[in-house]
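Chemist: Dumping the structure here so I can ask a few things about it.
Read-outs throughout are calculated quantities, based only on the coordinates presented, and are distinct from any laboratory measurement. Quick caveat, the model's predicted, so the values are computed rather than measured. Note that we place each Cβ from the backbone using ideal geometry, even for glycine, and neighbour counts take in every protein chain shown.
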């Protein structure tokens, strides 16, 4: 065989070997040997008589054998045995996914939620629900106790109740939107984080904070919202946001 | 138009994946063959209709071996290098018989449905 043909086959088998790395370590050599025999058989049957094979013949044989890089993928699926029957499909476009795909090769959407998004969405749902609950409780407490609210004046009382209900009413659906990887969930989460961050910083700088406990909690709030903002921006692709 | 082509492609790929294993088992019934021979038979018997990428046959064979449907061994052959021969196991023969029965019922049912559907019944 000519040097060029030799190199072509060697490259093909090298790529095959590479694609098998980490998938079929124990029998890489056997698979490579088997494919090599296949190539030799195919070339021999297509070369009539004793003539040495032509480059095009070998190219056609390799083409028919398929992309060596895909081979590892196919074998990975094959090695999963029964798992092939439970093949993963993209929840958005229905394309079949390779076992380790994080994003769909067809539509680019993620195949599963990253853990951080789970955490933020659960936190948001819990915070939202508890604020609504607190707001509602605050609202009915004066009626239940049959006297006007003790701590605040009537005006402040209404503002506090409304704030609890409104913020809770934003955080709860935001959490659900994040859980479902919705674009709007991402947007409201960003806006809510910025607002909470702004409020915390305003309180800290403006000197509205008097107790150590409150200072600490504001610093924690500012840090957490910064982290959440950075995280959400870094994971924007999971929400189908492209930039 | 492009979307339609893609749908056809996707459908055919899915349909082939399911049926190729049946074809390979049928080819291996009562005899042992090596990969290249199997690829040749697939092409010849299907008259080129089942133009599978030959590379897909091997992973499938290896999976079937994993599942205990086929067994393989390297054997010296006359006029060529040693080759890896595949044969059905007893489990494989049993599976082939059952899948063939299913396949027959399934294709007939599908045909009845599609024929009636096309007639608008």
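Chemist: Using the Kirkwood formula on the Cα atoms of the stretch B:2-119, what hydrodynamic radius do you get, in angstrom to one decimal?
Modeler: 15.9
Chemist: Quick one: what do you get for the stretch B:1-41 if you divide its Cα Rg by 2.2 N^0.38 Å? Please list the in-between numbers first.
Modeler: On the way: Rg = 14.4 Å, N = 41, 2.2 N^0.38 = 9.0 Å.
Computed over Cα atoms of the stretch B:1-41, the ratio equals 1.60.
Chemist: Hey, fewest Cβ within 10 Å first, where do A:64, A:180, A:242 land in order?
Modeler: Values: A:64 15, A:180 12, A:242 7.
Ranked by crowding around the Cβ, least crowded first: A:242, A:180, A:64.
Chemist: Can you pull the three principal axis extents for the Cα set of the protein assembly as shown, in Å, largest first?
Modeler: Here the spans come out as 104, 60, 43 Å, largest first.
Chemist: Same structure, new question: Using the 10 angstrom Cβ neighbour count as an exposure proxy, how do A:137, B:60, A:172 rank, fewest first?
Modeler: Details: A:137 12, B:60 23, A:172 19.
Placing the least packed residue first, the sequence is A:137, A:172, B:60.
Chemist: What is the distance, in nm, between label points placed 7 Å from the Cα along the Cα-to-Cβ direction at residue A:166 and at residue A:4?
Modeler: Here the modelled spin labels are 7.6 nm apart.
Chemist: Take A:228, A:119 and order them by how many other Cβ atoms sit within 10 Å, fewest up front.
Modeler: Result, fewest neighbours first: A:119, A:228.
Chemist: Starting from the Cα of residue B:118, step 7 Å along the direction of its Cβ; do the same at residue A:18; then give the gap between the two resulting points in nm.
Modeler: Each label point lies 7 Å from its Cα, and together they span 4.7 nm.
Chemist: What FRET efficiency, computed as 1/(1 + (r/R0)^6) with R0 = 41 Å and r the Cβ-Cβ distance, is obtained for residue B:100 and residue A:107, rounded to the nearest 0.05? Intermediate results must be reported in sequence, preceding the final value.
Modeler: Values: r = 37 Å, r/R0 = 0.91.
Given R0 = 41 Å and the Cβ-Cβ separation, E is 0.65.
Chemist: Still on this model: Report the FRET efficiency, 1/(1 + (r/R0)^6), for residue A:95 and residue A:141, where r is their Cβ-Cβ distance and R0 is 41 Å, rounded to 0.05. Walk me through the intermediate numbers first.
Modeler: On the way: r = 54 Å, r/R0 = 1.32.
The formula returns an efficiency of 0.15 here.
Chemist: Let me make sure I get this right: for the stretch A:115-239, a, b and c are the square roots of the gyration tensor eigenvalues over alpha carbons, sorted descending. Under 1.5 in a/c it's rounded, otherwise prolate if a/b > b/c, else oblate. Which is it?
Modeler: Details: a/c = 2.79, a/b = 1.50, b/c = 1.86.
Note, shape of the stretch A:115-239 comes out oblate.
Chemist: Counting only other chains, and only Cβ atoms inside 10 Å, what mean value do you get across the residues of B:58-70?
Modeler: Working: counts 10, 13, 5, 2, 9, 9, 2, 1, 5, 4, 0, 0, 0.
Other-chain Cβ atoms within 10 Å of each residue's Cβ, averaged: 5.
Chemist: Counting helices only, and only those DSSP H runs with n ≥ 4, report the 222 nm mean residue ellipticity of the protein assembly as shown as the sum of -39,500 (n - 2.57) divided by its residues, in deg cm²/dmol to the nearest 500.
Modeler: On the way: 12 runs with 241 residues, N = 364.
For the protein assembly as shown, the value works out to -23000 deg cm²/dmol.
Chemist: Using the beta-carbon distance between residue A:241 and residue B:90 and R0 = 45 Å, what value does 1/(1 + (r/R0)^6) give for FRET efficiency, to the nearest 0.05? Before the final figure, lay out each step's value.
Modeler: Numbers: r = 56 Å, r/R0 = 1.24.
So, using R0 = 45 Å, E works out to roughly 0.20.
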